[in-house]
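A short worksheet on the structure shown next.
What follows is calculated from the coordinates using simple rules that are stated; it is not laboratory data. Quantities reported herein were computed from a predicted structural model and do not represent experimental measurements. Positions of Cβ are generated from backbone atoms using ideal geometry, with glycine treated the same way; all protein chains shown enter the neighbour counts.
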Amino acid sequence: MDVNDLAKRYREAWLVARRVPSGMNLGHASYWPEFNPNRWEVYHSEDARIKPAPPSADAVDRMVECMRWLRWLSEEERELVWLRAGGLSWRDIAKKSGLSRMTASRYWRKAMMHVILRQNQ
């Protein structure tokens, strides 16, 4: 496994983590009657958002495996890996982390190499 393969795995893990249901029930109650819109009202609704399908069990297993690999890194390295997996540019990562773009990229590559070396042991 090389750095690009590992980066793709973390990107997939980030995407899966966004699709996993949180399981939180806020317990809000509504005293309004239930409203079942007809199909034309649903079709023409502007605020309709399609919920992403829940991830497969294999995708969740791969995500958990990637999360376990994060234990081997320091907190700063974890943040860099996760920000990059989220699709942020090096410029945005540099702003969030307070590092220069090149330094953030170097630290990220070092963290990825650390994970790869640890996997190969």
Between K95 and N120, what FRET efficiency comes out of the Förster formula 1/(1 + (r/R0)^6) with R0 = 41 Å and r the beta carbon distance, rounded to 0.05?
0.75
Can you tally the net charge around A104? Count Lys and Arg as +1, Asp and Glu as -1, for every other residue whose Cβ sits under 12 Å from the Cβ of A104.
+4
As an exercise, use a Förster radius of 22 Å and the Cβ-Cβ distance of L88 and K51 to find the FRET efficiency, rounded to the nearest 0.05.
0.35
